[in-house]
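Before any comments, here is the structure.
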Amino acid sequence: MDKLFEVLKGYLHMETEIPFDEFSQYYKDLIGFLNTTFEEMDQDARLKARYACSIVQANAESRENREKKNSKAYKKISAKTAFWMNAINYRLIKEGMTQAEIDEAVEAINDSI
């Protein structure tokens, strides 16, 4: 997760948007990582993954309305990352965190970037 998180941090510091192909590849890498390692992830990795999903989901949703050419792809990306955000949230709550603690931890991640 750390590698994907570092890439995301780089994207967040950019002045321009990355092209669709690069955005799509990051999304695929993120989802692939979640599909293969979700069960073994620790709390810190889950929180970072939830944050990454929230950023990708928000960007996909925003681009869906602006870029008609790839709007279906962005809609799919938005839906899948929203699904993973909910799954991660569910797991964190199941493991003992409250929603307020999750929100606070995600906000702390955002503030550290």
Worksheet, complete the sentence: Being among the acidic types (D, E) and farther than 21 Å from E17 by Cβ narrows E64, E107 down to just E107
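Identify all residues within the range 1-16 that are part of a helix (DSSP H, G or I) and closer than 21 Å to D103 by Cα; write none if there are none.
At the first step, the residues of the range 1-16 found to be part of a helix (DSSP H, G or I) are 2-12.
The answer is D2, L4, F5, E6, L8, K9, L12.
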Worksheet item: In the range 65-88, is there at least one residue being in contact with a Cys (Cβ under 9 Å, 6 or more places away or on another chain), among the hydroxyl-bearing types (S, T, Y) and in a helix (DSSP H, G or I)?
Response: yes
Item to complete: Kindly provide the set of residues from the range 17-28 that are open to solvent by 70 Å² or more (accessible area, probe 1.4 Å) and either under 22 Å from I109 (Cα atoms) or assigned to a helix (DSSP H, G or I) (or both), ordered by number.
Response: E17, D21, E22, Q25, K28
Practice prompt. Report yes if A58 is assigned to a helix (DSSP H, G or I), in contact with a Ser or Thr (Cβ under 7 Å, 6 or more places away or on another chain) and at pLDDT 95 or above, otherwise no.
Written response: no
Discussion item. Please go through the range 38-53 and give me each residue that is in a helix (DSSP H, G or I) and under 13 Å from A87 (Cβ atoms), ordered by number.
Written reply: F38, E39, R46, A49, R50, C53
Practice prompt. Pull up the range 35-52, narrow it to residues that are closer than 11 Å to L4 by Cα and under 10 Å from the mean Cα position of the chain (by Cα), then point me to the one that is surrounded by the most Cβ atoms within 10 Å (Cβ to Cβ).
Written response: A52
Discussion item. Pull out all pairs, ordered by first then second residue, where Cβ-Cβ is under 8 Å, the residues are six or more apart or on different chains, the first lies in the range 86-103 and is more than 17 Å from C53 (Cβ to Cβ) and open to solvent by 70 Å² or more (accessible area, probe 1.4 Å), and the second is assigned to a helix (DSSP H, G or I) and not acidic (D, E).
Written reply: E95/Q43
Worksheet, complete the sentence: Scanning the range 7-25 residue by residue, the ones that are within 27 Å of I93 (Cβ to Cβ) and either of a type outside the set (A, V, I, L, M) or touching a Lys or Arg at 6+ places or on another chain (Cβ under 8 Å) (or both) total 1
Discussion item. So if I check each of A73, A60, which one is more than 25 Å from I113 (Cα to Cα) and crowded, with 17+ Cβ neighbours inside 10 Å?
Written reply: A73
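The values are calculated or read from the model by the stated rules, or taken from the named source; none is laboratory data. Worth saying up front: this structure is predicted, and the values here are computed from it rather than measured. Glycine gets a Cβ as well: all are built from the backbone with ideal geometry, and neighbour counts include every protein chain shown. These accessible areas exclude ligands, DNA and RNA; they are computed on the full protein's heavy atoms, side chains included. Shrake-Rupley method; radii C 1.70, N 1.55, O 1.52, S 1.80 Å.
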